[in-house]
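No lab work stands behind these numbers, since they all come straight from the coordinates. What you see is a predicted model, and the numbers here were worked out from it, not measured in a lab. Note that each Cβ is placed from the backbone with ideal geometry, even for glycine, and that neighbours are counted across all protein chains shown.
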Amino acid sequence: MKKVQRKSKGSVWIVLMIVLSLILGGCGNKGTSASSPSGKETYKIGAVIDISGNSSSLGVPERDTLLMMTEKINANGGINGHPIELMIMDNKSDETEAVLATKTLIEKGVLAILGASASGTSMAMLKTAQSEKIPMVSMAAASSIVEPVSERQWVFKTAQSDIVMINKIMEYLKKNNLTKIAFMYMNNAYGDNGKKAITAAVKDSGISVVDEEKFDAADKDMTPQLTKVKASGAQAVIVWAIPPSASILTKNYKDLGLSIPLIHSHGVGNQNFIDLAQGAADGVILPIGKLTVAAQVPDTDPQKKVLDSYIADYSKKYNTQPNSFGGYAYDALSLLVNAIEKAGADRSKIRDELEKTKGLTGISGVFNMSAQDHNGLKEDSSVLVQIKDGKWQLMK
Amino acid sequence: MKISKYSGLLIALMLLAVPLAAQSNYLYSILIVIGLYTLLVHGLGILMGYAGQVSFGHAAFFGLGGYTAAILTTKFAWTPLPALLASVLLPGIVAAVIGRQTLKLRELYLALATLGFGILVHIIFNEGGELTGGPSGISGIPHLAIGGFTFNNDRDFYILVWVLLVILMTGIKNLIHSRTGRALCAIRESEYAAENAGIDCALLKLQAFIFSALLAGLAGGLYAFYVTFISPSPFSFHASVQFVLMAVIGGLGTFWGPLLGSMVVVALSEVLREVVPLIIPNAGGEYQIIIYGVILVVLMIYQPGGLSGIKRYFRRNPNNIINSSSE
């Protein structure tokens, strides 16, 4: 033992040197400003995305969308003649890695940072964006990412907050005179945020939550919870979950013969939900961004043109239909490009312009930012759909 | 011998000085993360490398430290310094309570018990409702402030972490060359023999366990003050495995092992993030993980004693090769 101790000392130096040079090498290529053929300097934009790990189903379409858009923007001459260089970092759905990735991008001189995909990773990046004074546009949903705005001056987000979706559901409940509801949610950050939003929404609305049930993301049977819901006298059930548990719940619901309306959240807005529910999804109502039902959106809708062109571009390039996560990325980059167009290469001015964004039509809705609202989406950004014969049907 | 006596201090100074010259927040933050992991892995190293007890639950102590700091400062309006002290002590107390029972278990059974403990604590973080913020975590943790000085930038925090680390490593160096250090080694080699030699194995193992929990708590508390946001995900079972990995890669039962292990694991992941896209454009973390895995497997095949043993390649005397490879 003693022997090994003594011998290790001399060479430890060498190993330390190697490791240190590796680290230094990793961040050595900063400050290189490339020029475009047109002679104008390149605008660097960073993105920290959950490409692998738990949230990869969100991150992959986001990355694909950003790559596609960058190509298109540069082919059309960039921003005011400046080509853009997109630097994408994978945070592996890990909060510590998200912080490190943000710092390395800032070191490389990016003008702003897009990301991250999930609420947790976005929350971890906040402090760095705030203290380094760099605009950050998150693609995650939690409202705490941009609230309170007084502590989040540099942070914006493109996904609708849960409250926007809940308000859409509230409209439906009021219209159909349903005053007693049961709320079921998945035991993770997504369900947790849904619960907070619904608690806030039912306050003073005349609607009461008569039963509240939770279940785990990995649960295989929700019959016990649904039996309680059945006994509670609720007139409608609202579920905040994502597949597969959302699909299992829907199957159990059908098996129990419940006939009150079943309302899901936008978390089930992909084909996967319908497939896994094996036919039980028919009749399910949910609020969702317009992308999923783009073909049924009337031509008079201001978003129609943007939706159609995004779907056409994306499906041509990747041979698959885009989903709402890709849409969040589309909006994040659109917002940023719009701000840089007006502000030029100045982080602080870009932030101001992001805050001043008015009437920017994106995939998730029409953005109207303000000093009090760093999301800028209202209820008109989403629609209620019902599933019929395994297809999404826009509700009138 | 004279030089090597001060080599620890010299290396410490070098490490502290080099990044200051580079003035890079990215470098600072990497070194902060490395420093925090090293604190934790040093505790784990005493437990695993010297006392020979495996723990797959240290992310729980790391998390307990972090959550203690976060909860006390945001929900009970404690000032940061007492909260940091509490975040060191609480994991120690928890370790003392569970340690007496679990440390009676040996080898695989101990590994399973600590694994279970780690998962249990992770569930508590998730289910803690208002107190732990549930899966959404706690945000708005203040910056660490000691006597009017606020550690609100990367450089200051980096200096704080590494000064703490140098103090700690000096202490550990003394510890492992003391009677206690030798007694711990004896437990690792054979508990029965150590018991016969008059060593109170149960007490010593418990002390090592508590010590490692205190250090994990310190690392966790500092992590909370550094990121100023905390959620259950960095404290999952995966993190526990990562810590054991760092300890093993660095070399169990060696003084420099924990530092080398943390450095290599963190640096490798950062370097791969830069290098892999150069080879495979647009490759995400999934490719990095493959390469990462290959490097680790190669390392373990050719250097099973961990990186601290790598010096044998630099020695000329063949006798030493035989000696150290028999380690």
(Q) How far apart, in nanometres, would the label points at A:Lys72 and B:Val298 be if each is projected 7 angstrom from Cα along the Cα-to-Cβ direction? (A) 4.2
Q. What number, in percent, do you get for the relative contact order of chain A if the mean sequence gap of Cα pairs under 8 Å and at least 6 apart is divided by its residue count?
A. 15
Q: Arrange B:Arg188, B:Arg100 by Cβ neighbour counts within 10 Å, fewest through most, would you?
A: B:Arg100, B:Arg188
Q) Can you give the convex hull volume of the alpha carbon atoms of the stretch A:116-262 per residue, in Å³? A) 104
Q.
What is the sum of charges, Lys and Arg at +1 and Asp and Glu at -1, for the other residues whose Cβ falls under 11 Å from the Cβ of A:Arg63?
A. -4
Q: Any chance you could tell me what percent of the C-alpha pair distances in chain A go past 31 Å?
A: 42
Q: First measure r as the distance between the Cβ atoms of A:Lys396 and A:Gln372, then evaluate 1/(1 + (r/R0)^6) with R0 = 41 Å and state the FRET efficiency to the nearest 0.05.
A: 0.80
Q.
No solvent, one uniform scatterer per C-alpha: report log10 I(q)/I(0) for the stretch B:2-237 via the Debye equation at q = 0.11, 0.12 1/Å, two decimals.
A. -0.60, -0.71
Q: Starting from 0 in steps of 10 Å, tell me what percent of the Cα-Cα pairs of the stretch A:341-386 lands in each bin.
A: 26, 45, 21, 7, 1
Q.
Can you compute the charge dipole magnitude of the stretch B:48-155 about its Cα centre, using +1 on each Lys and Arg Cβ and -1 on each Asp and Glu Cβ, nothing else charged? Give it in debye, rounded to the nearest 20.
A. 260
**Q.** Exceeding the 32 Å Cα-Cα cut-off - candidates A:Lys174/A:Lys304; A:Lys40/A:Lys356; A:Lys316/A:Lys358; A:Lys40/A:Lys103; A:Lys349/B:Lys75; A:Lys175/A:Lys228
**A.** A:Lys349/B:Lys75
Q.
Charges at C-beta only: +1 for Lys and Arg, -1 for Asp and Glu. How large is the resulting dipole of the protein assembly as shown about its Cα centre, in Debye rounded to 20?
A. 1940
Q. Taking +1 at the Cβ of each Lys and Arg and -1 at the Cβ of each Asp and Glu, which of A:Asn338, A:Ala189, B:Ser190 sits farthest along the dipole of the protein assembly as shown towards its positive end, judged by Cα position relative to the Cα centre?
A. B:Ser190
Q) Under the Kirkwood approximation for Rh and a Cα-based Rg, what ratio Rg/Rh is obtained for the stretch A:259-388? A) 1.04
Q) Scanning chain A for helices, which whole DSSP H stretches are 30 Å or more long along the axis (Cα) and average 0.0 or more by Kyte-Doolittle? A) A:2-26
Q.
So if each residue of separation counts as 0.36 nm, and I subtract the Cα-Cα distance between B:Glu107 and B:Glu274, what length gain in nm does that give?
A. 56.2 nm
Q: Assign unit charges at the C-beta atoms only (+1 for Lys and Arg, -1 for Asp and Glu), then state the dipole size of chain A relative to its Cα centre in Debye, rounded to the nearest 20.
A: 940
**Q.** FRET efficiency for B:Tyr192 and B:Ile291, using Cβ-Cβ distance with R0 set to 41 Å, rounded to 0.05
**A.** 0.40
Q. Could you put B:Ser190, A:Ser247, A:Ser117 in order, starting from the residue whose Cβ has the fewest other Cβ atoms within 10 Å?
A. B:Ser190, A:Ser247, A:Ser117
**Q.** Taking chain B and dividing mean pair separation by its residue count, relative contact order in percent (alpha carbons under 8 Å, at least six apart)
**A.** 30
Q: Kindly state, to the nearest 0.05, the FRET efficiency for A:Thr223 paired with B:Leu9, given R0 = 60 Å and r defined as their beta-carbon distance.
A: 0.35
(Q) Taking every pair of distinct Cα atoms and averaging 1/r, then inverting, what Kirkwood hydrodynamic radius in Å comes out for the protein assembly as shown? (A) 27.4
